1. Does region 132-148 hold any residues that are of a type in the set (V, I, T) and on the phi > 0 side of the Ramachandran plot, and which are they?
2. Search region 178-200 for residues being in a helix (DSSP H, G or I) and free of Cβ contacts under 8 Å to residues at least 60 places away in the same chain, and hand back the single one that is surrounded by the fewest Cβ atoms within 10 Å (Cβ to Cβ).
3. Do the conditions hold for D59, that is, is it closer than 28 Å to N1 by Cα and either in contact (Cβ under 8 Å) with a residue 60 or more places away in the chain or open to solvent by 70 Å² or more (accessible area, probe 1.4 Å) (or both)?
4. Pull out all pairs, ordered by first then second residue, where Cβ-Cβ is under 6 Å, the residues are six or more apart or on different chains, the first lies in region 158-177 and is surrounded by fewer than 16 Cβ atoms within 10 Å (Cβ to Cβ), and the second is assigned to a loop (DSSP other than H, G, I, E, B).
5. Within region 1-36, how many residues are modelled with pLDDT under 95 and either surrounded by 14 or more Cβ atoms within 10 Å (Cβ to Cβ) or touching a Leu at 6+ places or on another chain (Cβ under 7 Å) (or both)?
6. Restricting region 138-157 to residues that are in a loop (DSSP other than H, G, I, E, B) and either open to solvent by less than 10 Å² (accessible area, probe 1.4 Å) or not hydrophobic (A, V, I, L, M, F, W, C) (or both), which is nearest to E195 (Cα to Cα)?
7. Condition check: part of a helix (DSSP H, G or I), among the small types (G, A, S) and over 28 Å from S136 (Cα atoms). Does G64 satisfy that?
8. How about region 104-117: which of its residues are within 14 Å of I152 (Cβ to Cβ) and more than 15 Å from the chain's Cα centre (by Cα)?
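The values are calculated or read from the model by the stated rules, or taken from the named source; none is laboratory data. Just so we're clear, the structure is a prediction, and the values are computed from it rather than from any experiment. Cβ placement follows ideal geometry from the backbone for every residue including glycine, while neighbour counts extend to all protein chains displayed. Keep in mind that these areas ignore ligands, DNA and RNA; they rest on the heavy atoms of the full protein, side chains included. Shrake-Rupley method; radii C 1.70, N 1.55, O 1.52, S 1.80 Å.
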Amino acid sequence: NARMILALTAIGKDVTDVGGHNLLAGLNDMAYIQKQGINGPIWTLLAFDSGNYPVPEGDVSREGLIHVILDAQLNDGGWALTGTVSDADITGMALQALAPYYKTDVKVKAAIDEAIDALSGMQTAEGSFGSIDGVSCESIAQVVAALSALGIDAHTDGRFVKNGVSALDALRAFYVEGGGFRHLVDGNLDGMATEQAGYAIAAYERM
């Protein structure tokens, strides 16, 4: 529901009437939202805020979603889908969700500041970011999108430039001539990589 709400909002459609269904109404149960882990609260908050939508009646609230996300922050400063070691992808997603509250919520500000330091430490000597299967386009894209949401320049901020290579430079390395992006730098054109790199670049340009 959350991803569909984001997509429909982006193209100007009414998410409260999709074939007679209100997609917001599917996000009113915190237990259901958390069935996939921290991914659920992150994308639900992003969905609500994408159109400044009212939260449907139930046990879900923006404050509750923020609390769940903050509570899942790991000791090393970031977030992960599983385990106790932060992951660049999930950390980037969490920061995108929390970004609108950075200047108004002291707990959110403290958590984000800690996570930014953690992300800087995750960056490789080549400017990249990775996850379970190593350095990937999607990992870099999530970081670029997160930094852009926070007004941090992924190309010029010294915390995200290693050996003269910025996070944005690293993302460009996955571009496929003619259009699109690879998942792995030596791989083939990939749909998910293209989608995520596309919206990361759009986020950077908006910033």
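1. Listed by number, the list is empty, since nothing qualifies.
2. Going residue by residue through region 178-200, those that are in a helix (DSSP H, G or I) are 191-200.
Among the residues that remain, those that are also free of Cβ contacts under 8 Å to residues at least 60 places away in the same chain are: 191-196, 198-199.
Values: G191: 10, M192: 13, A193: 25, T194: 20, E195: 14, Q196: 25, G198: 13, Y199: 17.
Among residues in region 178-200 that are in a helix (DSSP H, G or I) and free of Cβ contacts under 8 Å to residues at least 60 places away in the same chain, the one surrounded by the fewest Cβ atoms within 10 Å (Cβ to Cβ) is G191.
3. So D59 passes the test.
4. N163/A125
5. Summing the residues that are modelled with pLDDT under 95 and either surrounded by 14 or more Cβ atoms within 10 Å (Cβ to Cβ) or touching a Leu at 6+ places or on another chain (Cβ under 7 Å) (or both) in region 1-36 gives 2.
6. Residue satisfying both the conditions and the ranking: A154.
7. Values: part of a helix (DSSP H, G or I): yes; among the small types (G, A, S): yes; over 28 Å from S136 (Cα atoms): yes.
Yes.
8. Within region 104-117, K109, D113, D117 meet the criteria.
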